[in-house]
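The values are calculated or read from the model by the stated rules, or taken from the named source; none is laboratory data. All of these numbers come straight from a predicted model, not from anything done at the bench. Neighbour counts run over all protein chains shown; Cβ positions are idealised from the backbone, glycine included. SASA here: full protein model, heavy atoms, side chains in, ligands and nucleic acids out. Shrake-Rupley method; radii C 1.70, N 1.55, O 1.52, S 1.80 Å.
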There are 2 protein chains.
Amino acid sequence: MAENVFGAVELGGTKTFVVIAEDKKNIISRHLFPTLSPKDTMENIATFFKNKSVELKLNIQKLGVGCFGPLDLNKDSALYGSITSTPKKGWEYFNIKRQLENALNVPVKIDTDVNASALGEYNHVYNSNINNFAYITIGTGIGGGFIINRQLVHGLVHPEFGHIRIPHNKKKDPFPGICPYHQDCLEGLASGPAITERWHQPSNSIPKDHVAWKLEAEYLSHAITNLICTISPELIVLGGGVMHQYQLFGLIHTKTKMVLNQYIKSKFIQEHIEEYIIPPRLHDDSGIMGALILAMQNTD
Amino acid sequence: MAENVFGAVELGGTKTFVVIAEDKKNIISRHLFPTLSPKDTMENIATFFKNKSVELKLNIQKLGVGCFGPLDLNKDSALYGSITSTPKKGWEYFNIKRQLENALNVPVKIDTDVNASALGEYNHVYNSNINNFAYITIGTGIGGGFIINRQLVHGLVHPEFGHIRIPHNKKKDPFPGICPYHQDCLEGLASGPAITERWHQPSNSIPKDHVAWKLEAEYLSHAITNLICTISPELIVLGGGVMHQYQLFGLIHTKTKMVLNQYIKSKFIQEHIEEYIIPPRLHDDSGIMGALILAMQNTD
């Protein structure tokens, strides 16, 4: 008899990551391939799960997907499970959930990539008393996934934390920002491409003691301060490619305390900020593990 | 036999509002008195409920309190139900919940004033499909109470939305801001006292077509944009004394759409923002009605 397992997909702008697992500790199979056209990508995903099911005698019960956005996540919408408006050719209004459900004949739970990452990290956290949790990714874009009262935040659309506005001192940093919608929103000032464009070099080639990182930490500290003042998370995880620059953590710890200026009366923040704002424990697997949990928790 | 009823207290910095009600539609008695020393205020509250209980043959089952902060709302804390650090003489570390429980011998549920207002407005909203809701008060201070997945947001401490940082163009507005902790945070730039100090006149004497209101709307629109990008509320209510200047609503609708610049793909925001960002339906009763609901929903 075939073993009951779960499938997970992390669908990114350039790469697609697929996993089959018994549960979050027992991964049976994993595979990474480039994200191509919607049709080819869906075919590659379906083929992987179909072939592995036969080869390893597995019965995939449910599938979870963490996907680039913007997505329509409103269950009452005709477009539920679709990508909405995107400049990515062919993906606009493409219904990921429906396509995969039809191809694999299993229930599919879909959420944004950053919500999946938040869920992955949250479920890997050791302190089970945490109710409010934040995951921020700083990479090609900036996004936030938030868990409040133990549930992911969706709302009217879904959070677009990268597009909050923060103070931009143009005298100190005349770089105008690169967001095509807002110019100097958080993503426009502090994403990987913004760093590259401001300093005329790839962000990962900038020396660790370069002033670039101090400025980056300043912008991120303002964003983190705003997050603390809005949802008061009990733990904040910072992931994404830019945060591979680990020297940023110390700079962010110092600067966030300066910006908050002891207003938030929390011993944890005031005395142990290095345990409050931390790197992902799952490293680059937060998203795929979150997609797996989406599948496992799906009761739709 | 005495009738079973609920008690509600809105404890403000200068005024205390008390109510006895059967439910949210049937108010039996209401009274307003000045907030004095902690001891005298507690005595006034207790005396009101005790006297009315005897006079009207009522049995107060539970009490709800919306209170100025900061408060310790961590159920596991020894200070649960206390005001924490405050410059208000005598109130520092004063345990409101315990004092009222001892005086009246009923369970007391306490939350911040702005969370109580959020709860009051949320429960008065006609569309019961709303899961994520925001109430912002703009008055002597600025605060936000948020309901996400149908529950109030607490977290590590509690939200302090007034202290988020927003862009401050010092060339256009050289006023430095008045927050003693952060100078030009949202509250430092846009609270009632900030308006009064910037324009050298009480905010309610400034003409409706004065540039003061356009600037105010700009700061509030940045804050609302940040809120939308962070928790994606389905409805935003703006209350507090400054919002009695109703001309602000139109200015905020226009400016918020400009700041978002069509990035958030919501027909509701793009086409009906005047139904999305609205005044309180309970006018100045949001807080006391929320305190009543705190009592009614208390299952501790």
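Could you tell me what percent of the DSSP beta bridges with both partners in chain A are antiparallel, to the nearest 5?
55
Between B:Thr86 and B:Glu22, what is the label-point separation in nm under the 7 Å Cα-to-beta-carbon projection?
Rounded to a tenth, the inter-label distance reads 3.4 nm.
Loop-only chymotrypsin sites (Phe, Trp or Tyr not before Pro) in segment B:65-168, please: DSSP not H, G, I, E or B, and at most 12 other Cβ atoms within 10 Å.
When the chymotrypsin sites (Phe, Trp or Tyr not before Pro) of segment B:65-168 are filtered for loop state and at most 12 Cβ neighbours within 10 Å, B:Tyr93, B:Tyr126 remain.
Would you mind calculating the gained length between B:Thr140 and B:Asn105 on full extension (0.36 nm times residue separation, minus the Cα-Cα distance), in nm to one decimal?
Roughly 9.2 nm would be gained on extension.
Enumerate the amide H contacts of B:Lys109 below 5 Å, restricted to partners 5 or more residues apart or on another chain; note that Pro and chain-start residues carry no placed amide H.
B:Leu63, B:Gly64, B:Val65
Would you work out which of B:Tyr135, B:His163, B:Val125 lies farthest towards the positive end of the dipole of segment B:116-281? Charges go on Cβ: Lys and Arg +1, Asp and Glu -1.
Result: B:His163, furthest along the dipole toward the positive end.
Per residue of segment A:175-186, what does 6.51 cos²θ - 1.76 cosθ + 1.60 with θ = phi - 60° give for ³J(HN,Hα)? Whole Hz please, x for Gly and Pro, Karplus curve as stated.
3, x, x, 10, 6, x, 8, 10, 6, 9, 6, 3
With label points built 7 Å along Cα→Cβ from the Cα atoms of B:Asp209 and A:Glu43, find their separation and express it in nm.
For the pair B:Asp209/A:Glu43, the computed spacing is 6.6 nm.
Which whole-Hz couplings ³J(HN,Hα) result when phi for each residue of segment B:143-153 is put into the Karplus expression 6.51 cos²θ - 1.76 cosθ + 1.60, θ = phi - 60°, listed in order with x for Gly and Pro?
x, x, x, 10, 10, 10, 6, 6, 10, 4, 8
A 26 angstrom limit on the alpha carbon distance is what I want to check against. Which of A:Lys170/B:Lys265; A:Lys170/B:Lys257; A:Lys171/A:Lys208; B:Lys24/B:Lys109; A:Lys170/B:Lys208; A:Lys97/B:Lys265 exceed it?
Checking Cα-Cα distances, A:Lys170/B:Lys265; A:Lys170/B:Lys208 exceed 26 Å.
Just how far, in whole angstrom, is segment B:135-167 from segment B:54-94 if you go by their alpha carbon centroids?
Each part reduced to its Cα centre gives a spacing of 19 Å.
Please compute the modelled spin-label separation between B:Glu3 and B:Asp173, points set 7 Å along Cα→Cβ, answer in nm with one decimal.
4.9
Before rounding to the nearest 500, sum -39500 (n - 2.57) across all DSSP H runs of length at least 4 in chain A and divide by the residue total; then give [θ] at 222 nm in deg cm²/dmol.
Roughly -11000 deg cm²/dmol at 222 nm, from the helical runs in chain A.
Could you state the angle between the C-alpha long axis of helix A:267-276 and the longest principal axis of the C-alpha atoms of chain A, as a value from 0 to 90 degrees rounded to the nearest 10?
Between the helix axis and the principal axis of chain A, the angle is about 50 degrees.
With viscosity set to 1.567 mPa s at 4 °C, what whole-number translational diffusion coefficient in µm²/s follows for segment B:116-281 from Stokes-Einstein and a Kirkwood radius over Cα pairs?
Translational diffusion coefficient: 80 µm²/s.
Could you rank A:Thr254, A:Thr225 by how accessible they are, 1.4 Å probe, largest area first?
Per-residue accessible area, sorted high to low, gives A:Thr254, A:Thr225.
Between A:Asp76 and A:Asp284, 0.36 nm times their residue separation minus their Cα-Cα distance comes to what?
Computed gain between A:Asp76 and A:Asp284 is 71.6 nm.
In sequence order, what are the phi-derived ³J(HN,Hα) couplings for segment A:240-246 according to the Karplus relation 6.51 cos²θ - 1.76 cosθ + 1.60 with θ = phi - 60°, rounded to whole Hz, with x for glycine and proline?
With coefficients 6.51, -1.76 and 1.60, one gets x, x, 4, 6, 5, 7, 5 Hz.
How long is the gain from A:Arg30 to A:His200 if the chain were fully straight, where each residue apart is worth 0.36 nm and the alpha carbon distance is subtracted?
Extra length available between A:Arg30 and A:His200 comes to 57.5 nm.
Starting from the exponent 0.38 and prefactor 2.2 Å, build the expected Rg for chain B from its residue count and divide its actual Cα Rg by it.
Here the Cα radius of gyration is 1.03 times the empirical estimate.
Measure nothing but the geometry: give the 0 to 90° angle between the long axis through the Cα atoms of B:113-122 and the longest principal axis through the Cα atoms of chain B, rounded to 10°.
Computed tilt is about 80 degrees.
Nearest 20 debye, what's the magnitude of the dipole of the protein assembly as shown about its Cα centre given +1 on Lys and Arg Cβ and -1 on Asp and Glu Cβ?
Once rounded to the nearest 20, the dipole reads 340 debye.
Write down the accessible area per residue of the protein assembly as shown in Å², having rolled a 1.4 Å probe over the full set of protein chains.
Accessible surface, normalised per residue, equals 43 Å².
For A:Ile164, enumerate residues with amide H under 5 Å from its amide H, sequence gap 5+ or separate chain, H modeled in the peptide plane.
Amide H neighbours of A:Ile164: A:Leu186, A:Glu187.
Please get the size of the charge dipole for segment B:116-281, origin at its Cα centre, with Cβ charges of +1 on Lys and Arg and -1 on Asp and Glu, quoted in debye to the nearest 20.
Rounded to the nearest 20 debye, it is 300 debye.
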